[in-house]
Amino acid sequence: MTAERLVRLYPPAWRDRYAEEFVAAVGSGPLHVQQIVDIVSGAIDAWLSSDVRRATVAAAGVRKGGRGMDSYSFVCSDSKLRYTQRDAWIGAGVLILVVVVFSALDIAARRSGLPATGDILKTLAFPGAVALSMPLWLLKGQPWKAQVVVIGVTLGLVFLARYVASLT
Amino acid sequence: MRKLHDSLADLGRFSEPALLILISLADGPKHGYAMTRDIEVVSGQKLGPGTLYGAIARLEARKWIEPLPADDRRRPYRLTGAGQRVLRARLEGLRAVTRVGHSRLAEG
């Protein structure tokens, strides 16, 4: 296994920016197991880390385009955004999945003779799904405390609204 | 107000490799391979390439280091003014911790 092969595991924008010097630093010979593990974990980090994405996007902007600009144009359109188009797709997928799971639990609860539980699950389905998907895109890269506050307040307000509705 | 050296600690598992890279570059610009060799000599730690470039990307994103024109396939990096300030603050913090550790060992 060589560095040239393993570097393909990294995101395109990262490869545009670092691949050449990375391979030069590692050398073209066969790698030790430790190095392979380190490179693979580095590739996972490069896909997941907003820091690394920011570095590669900034570099792509300087270098007159290339694949990096296409892959991360969503980020480039607003420097305050920390998520990519891929993150948005993942967030949307999680949102749909959570709605489906909540709906299935709602049906299961009603069939088990628990309509009140079903009502709560039905109320929570969409706002809960939005809140749970936010760390994957809208809140990506934000401090975890801020994420906990935003998601906690969102879910708290939904519970409060549900409770007030149950009183009337 | 947040201290400068806390920013380096914010890098999580990359904070130590990042510190070693900043120390290496304090000596002058170096490319990835030269940094790895220098860090190994200075600290006895051999940074893996994935860790090295994970830390380089983070340091570059924070503008604590900056790339220079590539020399053949190797691209050297140099410490920025902000990087020097962060490194100095971190080393001062470590010096204070070391002093306390030594004094407690002496007392014990």
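For the pair B:Asp71 and B:Glu92, what calculated FRET efficiency results from E = 1/(1 + (r/R0)^6), where r is the Cβ-Cβ distance and R0 = 30 Å, to the nearest 0.05? For B:Glu92 and B:Asp71, the calculated efficiency is 0.35. Near B:Ala34: Cβ cut-off under 15 Å, other residues only, Lys/Arg at +1 and Asp/Glu at -1. The net charge is +1.
The phi-based Karplus calculation (6.51 cos²θ - 1.76 cosθ + 1.60; θ = phi - 60°) puts the 3J(HN,Hα) values of the range A:25-38 at 6, 7, x, 9, x, x, 9, 6, 4, 4, 5, 4, 4, 5 Hz, whole numbers, x for Gly and Pro. The P(r) of the range A:97-168 has a tail past 20 Å containing 39 percent of all C-alpha pairs. Remark: relative contact order (the range A:85-167) = 33 percent; criterion is Cα-Cα distance under 8 angstrom and separation of 6 or more residues.
Seen against the Cα atoms of chain B and their longest principal axis, helix B:15-25 is set at about 60 degrees. Extension gain, A:Glu4 to A:Val100, is 30.4 nm, computed as 0.36 nm per intervening residue step minus the present C-alpha separation. Work the Kirkwood hydrodynamic radius out for the range B:4-102: mean of 1/r over every pair of different alpha-carbon atoms, inverted, in Å. Evaluated on the range B:4-102, it is 13.6 Å. Calculated mean residue ellipticity, 222 nm, chain B: -20500 deg cm²/dmol, from DSSP H runs (n ≥ 4) at -39500 (n - 2.57) each, averaged per residue and rounded to 500.
Counting alpha carbon pairs within less than 8 Å and at least 6 residues apart, what relative contact order, in whole percent, applies to the range B:4-102?
The normalised contact order for the range B:4-102 reaches 34 percent.
Distance between the modelled labels on B:Arg78 and A:Glu20, one decimal in nanometres: 2.0 nm (7 Å Cα→Cβ projection). The distance between label points at B:Arg85 and A:Val37 comes to 3.9 nm (points 7 Å beyond Cα on the Cα→Cβ vector). Of the peptides B:96-105, A:18-27, A:146-155, the order by per-residue mean of other Cβ atoms within 10 Å, starting with the highest, comes out as A:18-27, A:146-155, B:96-105.
Taking packing as the residue-averaged number of other Cβ atoms within 10 angstrom, the listed peptides A:133-143, B:53-63 run from highest to lowest as B:53-63, A:133-143.
Which number comes out as Rg/Rh for the protein assembly as shown once both Rg and the Kirkwood Rh are worked out on C-alpha atoms?
Rounded to two decimals, Rg over Rh is 1.10.
All of the numbers you see were taken from the coordinates with simple rules; none came from a lab. Worth saying up front: this structure is predicted, and the values here are computed from it rather than measured. With ideal geometry, Cβ positions are generated from the backbone for all residues, glycine too; neighbour counts draw on all protein chains shown.
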